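The values are calculated or read from the model by the stated rules, or taken from the named source; none is laboratory data. Since this is a predicted model, take the numbers as computed values, not measurements. In this analysis, Cβ positions are derived from the backbone assuming ideal geometry, glycine residues included, and neighbour counts consider all displayed protein chains. Protein only, heavy atoms only, side chains kept; ligands, DNA and RNA dropped before computing areas. Shrake-Rupley method; radii C 1.70, N 1.55, O 1.52, S 1.80 Å.
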Amino acid sequence: MRILVVEDDPSVAEALVDAFQDVGWTPTHCSRGDDGLHQIAGADLVVLDLGLPDMDGLDFLRTVRRVSTVPVLVLTARDSDGSVVLGLRAGADDYLVKPVGRAVLLARVHALVRRSRMASAEPRPAERVVTLGELSVDVAARTVHRGGSPVSVTATEFDLLAALIARTGEAVSRDELLLQVWGTPAVGKSRSLDFFVTALRSKLGRDLPLQTVRGYGFRLG
Ligand code: CA
């Protein structure tokens with residue numbers, strides 16, 4: 001996924017670029033609005049700072065919206081309610097106030113990508129059932145079958161499995177999983193994550209192609 005980062009603060013830009021590279025995306029960085037506008041056509045998502053050296057980020061956003069429906073996450077130091085509303089009215093899809101933690105940033109970007117994919121895709125009901133070896137997982141009905149027989153999984157086990165399925169083939173960090181399943185990357189939940197991963201592995205066995213990514217998280221498939 002190609003992410004355009006429009007941000008003039010070098011340390012913030014570097015942190016964003018690192019975070020996106022670490023999860024396997026392809027970030028492009030521009031520190032000026034006019035350079036950013038030239039890169040819009042190739043971007044799958046834009047992370048936009050509102051305070052740019054050559055133009056106001058809201059003007060950048062209005063210009064983008066005349067030509068593109070690309071998802072835009074506005075990232076700014078302006079934290080008054082007024083600027084949130086202005087940003088959203090100008091066409092932002094989501095809004096984060098600096099400083100932004102890495103896990104929150106990645107979770108919001110993922111959510112934005114999911115929403116935009118859902119909005120752009122034709123409904124394909126067959127795709128709600130995912131096959132993993134002998135397993136078939138119905139994401140909408142929240143059921144798991146192995147060789148046609150139901151496998152009993154708890155709500156949290158299913159949430160974890162669904163979070164991994166949504167990102168099949170990608171390394172997903174522990175923080176992202178904690179955030180997605182429990183709504184917080186809180187310290188103290190880390191053992192819960194290990195507990196539920198172990199539970200899933202023991203219930204689904206070798207049919208579950210779940211790998212541990214050492215020092216980072218997990219990858220399905
Ligand atoms: Ca700035």
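A few points about this structure:
- Amide H contacts of Thr28 (H built 1.01 Å from N, under 5 Å, at least 5 apart or other chain): Ile3, Leu4, Val5
- Solvent-free Debye scattering, log10 I(q)/I(0), computed from the Cα coordinates of region 2-121 at q = 0.12, 0.20 Å⁻¹: -0.36, -1.13
- Rounded to 10°, Cα long-axis angle of helix 190-204 versus longest principal axis of the chain: 50
- Nearest-ten-degree value, helix 10-22 long axis tilted from longest Cα axis of the chain: 30
- The chain, dipole about Cα centre (Lys/Arg Cβ +1, Asp/Glu Cβ -1), debye to the nearest 20: 940
- Amide H contacts of Val213 (H built 1.01 Å from N, under 5 Å, at least 5 apart or other chain): Phe218, Arg219
- Burial order of peptide ranges 206-213, 174-181 (average beta-carbon count within 10 Å, highest first): 174-181, 206-213
- Hydrodynamic radius of the chain per Kirkwood, over alpha carbon pairs, in Å: 18.9
- Descending semi-axes in whole angstrom, ellipsoid equivalent of region 129-220, from the Cα gyration tensor: 21, 13, 12
- Accessible surface area normalised per residue over the chain is 51 Å², counting heavy atoms of protein chains with a 1.4 Å rolling probe.
- Using alpha-carbon coordinates, inclination of helix 57-67 to the longest axis of the chain, degrees: 70
- With all protein chains in place and a 1.4 Å probe, the accessible surface of the chain carries 51 percent carbon and sulfur.
- Karplus (6.51, -1.76, 1.60) ³J(HN,Hα), θ = phi - 60°, over region 44-56, in Hz, Gly and Pro reported as x: 8, 7, 10, 10, 10, 7, 7, x, 9, x, 10, 6, 6
- Two-site label geometry, Gln211 and Arg89: point separation in nm, points 7 Å out along Cα→Cβ: 5.0
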